[in-house]
Every structure is written in C-alpha cells, then in structure tokens.
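Report on one structure; see the data block that follows.
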Amino acid sequence: MTSTLQSNKAIKMIKAAREGGYGFPGVVTYNLETIIATVRAAEAKRAPVQILLFPWAISSSDGLLVKAAAAARDSATVPIAVHLDHAQDENIIKLAADMPNGFDSIMIDMSHYEKDENLRRTAKWVEYCHERGIATEAEPGRMEGGEDGVAHTGDLEGVLTTPEEAQRFINTGIDFLAPAFGNIHGDYGGRDNIKLDFDRLRKVSETSAQSGVEIVLHGTNGFPDDIMANCVKHGITRCNVNKLVLKPYSEYYRAHAASTILTELIDEGILLIQREVEHQLDVMGASGKAG
Ligand SMILES: [Zn+2]
C-alpha cells in the first residue's frame, strides 16, 4: 500500500469489517434525504456505513451533494466514508479525485473499453487516485443490466469474473474488487432469479486475499435477508444497496405526493429510508461494530 493510503478511511473500514467477519451497506444516495437517513441509521445502530454517489449526483447538484455527504461523514460519531461508484467518464474521475476533502474511494469503471485498454486506463486512474490518498475499486467481468444513474453497458452480455480476470485487475493496483458471480445491476424479478455462484466467489476471494484486495458487492435489488447474510459470510464487506432501501420511500412518495405537504413528505421519507438502512445494518452484522 502506498504511504498516502495509510490513513484512508474506506480501506480501514473495509479491512476492519473483513477481519471482524461482518459487512455494512454502501447506500446509493440521490438526494439529501438519503444522506440524512443513512447517517442517522448508522448512529442509531452504532455501525459503520458508506455513502455512495454516482457521477450523476455530482453533475446534477453541481457538486453540492458531495459536500453534504462529506460534511455528514466528518461530523458523524461512527465510521462513515464517501464513495463514488461507477465513474465511467475520465473527466469525472479527475474532477472527483481533485475535490478537496471529497471522496474516500472511487470506482473506476472502464468496462466500455476493450479489455487491454480497460486495464491500461484503470491502472492510470488508480495511480492518480492513490497519489491523492483515495482508494480505488474495479469490477472485473461485466455485470448485466443497468441502474438509475449508471450508463447501461448496452447489449453487451454479462461476463462472470474468473480468478485470472480478477488477478489482471488486481495488478492495476486496485484496493477493492466487485466480482460478477451471478449478481446483476437492476432488478432480478423474484428470488428464483437470483442465482449466485458462491463457489466462483470463493475462488475470486482467495485470489484477492493473496494481494490484500477486498471484495465488495454490487447488484442487491430485492435481496432477501438470508442471501445478503450469505454474501457477507463469504467474505464480502461493503454491500451496495439501492432499491433495497429506497423502495418504501419511493412508493410512499408516489402514493402521497399529491396530498401531503412537502415538509411532512420529506420527514416521513427520511424515516422510511432510515428504517431500511437500520435493517440492513442488522442483516450484515454491522450493528454495534462502531463501539
Ligand atoms: Zn456495479
């Protein structure tokens, strides 16, 4: 690990989770309500948590959402880190990495390039981020589907991660790896369609562990609690959650937006998200781990 990463908060949190045998959510946040709810849930449960932003959140808010997330992190009494997920545009990676007191980690997603070019560009941005004390993440293989705020990889077929593929990405210097082992971006359409290859996950984890790289989870929409817990049991630390914690909030807004005053709508919305994040903190075994 380079010296500038010694005090990196995302790395510390993820290593502590792996050594402690628990996971914690990385909550995809599109607005201030979600940031507030995430921090309140972590404080209430005395648990670590990460705030995830897609590049959309930077451009849509002219960077203000990043500042809000960072301010929430800096004033919290539990470990919180701010992560940029699926940064596919190199201008955004540069902008994000150059932000003072902004992101603790950045996922470099060059999956729209051919493999060798993908690896070359990933290595370049890993170095750029590391020089600024920011941890990095990549997604070897290709997960199917798209997510609100992430460009769809189009008609490209999903490719499951092999240990060899993982190793090639590990060689770029990344700190965290998001394997494709049957998980997809977007909706699965019911429990029966969630087909995870835990044997593959175990092999990729073993390869990663040899290089000190930690495994994170993408694609958890509609995950039942036991499947989520099983992922954590297999050594996954940060588990990205999107619709899994935002669904009741979205449904409440859809049903009540026309008849409820805005302040009430917002306050109730925060409570609904907080409740779901607290539940996931319990499921992943994070509750109480912040002391
Ligand atoms: Zn992903």
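The values are calculated or read from the model by the stated rules, or taken from the named source; none is laboratory data. This is a predicted model, so every value here is computed, not measured. Glycine also receives a Cβ, built like all others from the backbone with ideal geometry; neighbour counts cover every protein chain displayed. Accessible surface is based on the protein model in full, side chains and every heavy atom, while ligands, DNA and RNA are left aside. Shrake-Rupley method; radii C 1.70, N 1.55, O 1.52, S 1.80 Å.
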| request: Nearest 5 is fine: what % of DSSP beta bridges in the chain come out antiparallel, could you say? | output: 10
| note | GNM on the chain, Cα springs under 10 Å; top mean-square fluctuation among G23, G190, G141 goes to G190
| field | Cα-based Lys pair tally, the chain, threshold under 17 Å, eight or more apart or on separate chains | value | 13
| note | One finds, for A255 and A16 with R0 = 41 angstrom and r their Cβ-Cβ distance, a FRET efficiency to the nearest 0.05 of 0.55
| task | With θ set to phi - 60°, apply the Karplus curve 6.51 cos²θ - 1.76 cosθ + 1.60 along region 161-176 and write out the HN-Hα couplings as whole Hz, x wherever there is a Gly or Pro. | result | 6, 9, x, 5, 5, 4, 4, 4, 6, 4, 5, 6, x, 4, 9, 10
| field | Estimated 222 nm signal from helices in the chain, with DSSP H stretches of n ≥ 4 weighted -39500 (n - 2.57), rounded to 500 | value | -14500 deg cm²/dmol
| task | For region 1-149, list log₁₀ I(q)/I(0) at each q in 0.09, 0.12, 0.22 Å⁻¹, using the Debye formula over Cα point scatterers of equal strength and ignoring solvent, two decimals each. | result | -0.27, -0.48, -1.52
| query | Can you give the FRET efficiency for K233 and R121, using 1/(1 + (r/R0)^6), R0 = 45 Å, r = Cβ-Cβ distance, to the nearest 0.05? | reply | 0.85
| query | Lys/Arg Cβ at +1, Asp/Glu Cβ at -1, dipole of the chain taken about the Cα centre: which of N8, L244, I106 is farthest positive-ward? | reply | N8
| field | Residue of A70, A180, A257 that the Gaussian network model of the chain assigns the largest fluctuation, springs spanning Cα pairs under 10 Å | value | A257
| Accessible area per residue in Å² at 1.4 Å probe, computed on region 3-283 | 42
| query | Among residues other than E19 whose Cβ falls under 12 Å from its Cβ, what is the net charge (Lys/Arg +1, Asp/Glu -1)? | reply | +3
| note | Inverse of <1/r> over all distinct C-alpha pairs of region 103-251, i.e. the Kirkwood Rh in Å, gives 15.8
| request: Provide the three semi-axes, in whole Å and in decreasing order, of the ellipsoid equivalent to region 3-283 as defined by the square roots of 5 times the Cα gyration tensor eigenvalues. | output: 27, 21, 19
| How much of the accessible area of the chain, probe 1.4 Å, is carbon plus sulfur, in whole percent? | 51
| By how many nm would the segment from K67 to R132 lengthen if fully extended, with 0.36 nm per residue of separation less the alpha-carbon distance? | 21.7 nm
| field | For region 119-126, 3J(HN,Hα) per residue [Karplus equation, 6.51 cos²θ - 1.76 cosθ + 1.60, θ = phi - 60°, Hz, x = Gly/Pro] | value | 5, 5, 5, 4, 4, 4, 7, 4
| said: With a 10 Å cut-off between alpha carbons and a GNM built on the chain, which of T34, T172, T237 moves the most? | reply: T172
